[in-house]
1. Only one of these conditions is not met by Asn116: (1) out of contact with any helix residue (DSSP H, G or I) (no Cβ under 7 Å at 6 or more places or on another chain); (2) in a loop (DSSP other than H, G, I, E, B). Which number is it?
2. Just the residues that are aliphatic (A, V, I, L, M), surrounded by fewer than 18 Cβ atoms within 10 Å (Cβ to Cβ) and touching a helix residue (DSSP H, G or I) at 6+ places or on another chain (Cβ under 9 Å), please, taken from the stretch 1-12.
Amino acid sequence: MKLKHLGIFGIISLLSYTAMVVFSPLAYPGYNWLSMAVSDLSAVGAPSAALAERLNALFGPCAVVSVMAVCVGAAGCRSKLLKTGIGSFAAMEWITVVGYKMFPWVQGVAASSFQNVMHLLVTALVVLLSIISL
């Protein structure tokens, strides 16, 4: 398989995440996307957690394969700014995949609980690295 063909994994990742965001609310009575976080759909104890996990199963692995293919493809690039952006985006993807798996949001406990604080820290890092990558 050629490096350029690995880009399909990025599309699969996007479709997996999109399916989770679109269909998981159907299994969560009272879910309101205007006032609730996407993390609530996959939170420990959420009625939609099992469905969200299944629909989002391909997001992480496919995102990592795709972004690492971009890193390999850009390795010979001379632009340090472009390499910094790609590296920041790759770090964000890894933190997303590993961090949210290790620290899912837990419903019914205080936001100040260790697990939820770590989830918020992962979210802050993801947002920061997303901005830096731009």
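The values are calculated or read from the model by the stated rules, or taken from the named source; none is laboratory data. Please read all numbers here as calculations on a predicted model, not as lab measurements. Please note: Cβ atoms are built from the backbone with ideal geometry, for glycine as well, and neighbour counts cover all protein chains shown.
1. Answer for Asn116: the failing condition is (2).
2. Those that are aliphatic (A, V, I, L, M), surrounded by fewer than 18 Cβ atoms within 10 Å (Cβ to Cβ) and touching a helix residue (DSSP H, G or I) at 6+ places or on another chain (Cβ under 9 Å): Leu3, Ile8, Ile11, Ile12.
Table: residues versus (1) surrounded by 14 or more Cβ atoms within 10 Å (Cβ to Cβ); (2) part of a loop (DSSP other than H, G, I, E, B).
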{"position": "Leu14", "(1), (2)": "yes, no"}
{"position": "Tyr17", "(1), (2)": "yes, no"}
{"position": "Val22", "(1), (2)": "no, no"}
{"position": "Leu26", "(1), (2)": "no, no"}
{"position": "Met36", "(1), (2)": "yes, yes"}
{"position": "Ser39", "(1), (2)": "yes, no"}
{"position": "Ala46", "(1), (2)": "yes, yes"}
{"position": "Ala57", "(1), (2)": "no, yes"}
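For every residue, the table says whether it meets (1) closer than 29 Å to His5 by Cα; (2) of a type in the set (S, T, N, Q); (3) modelled with pLDDT of 95 or more; (4) surrounded by 11 or more Cβ atoms within 10 Å (Cβ to Cβ).
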position: Ala75; (1), (2), (3), (4): yes, no, no, no
position: Arg78; (1), (2), (3), (4): yes, no, no, no
position: Gly87; (1), (2), (3), (4): yes, no, yes, yes
position: Thr96; (1), (2), (3), (4): yes, yes, yes, yes
position: Leu120; (1), (2), (3), (4): no, no, yes, yes
position: Leu129; (1), (2), (3), (4): yes, no, yes, yes
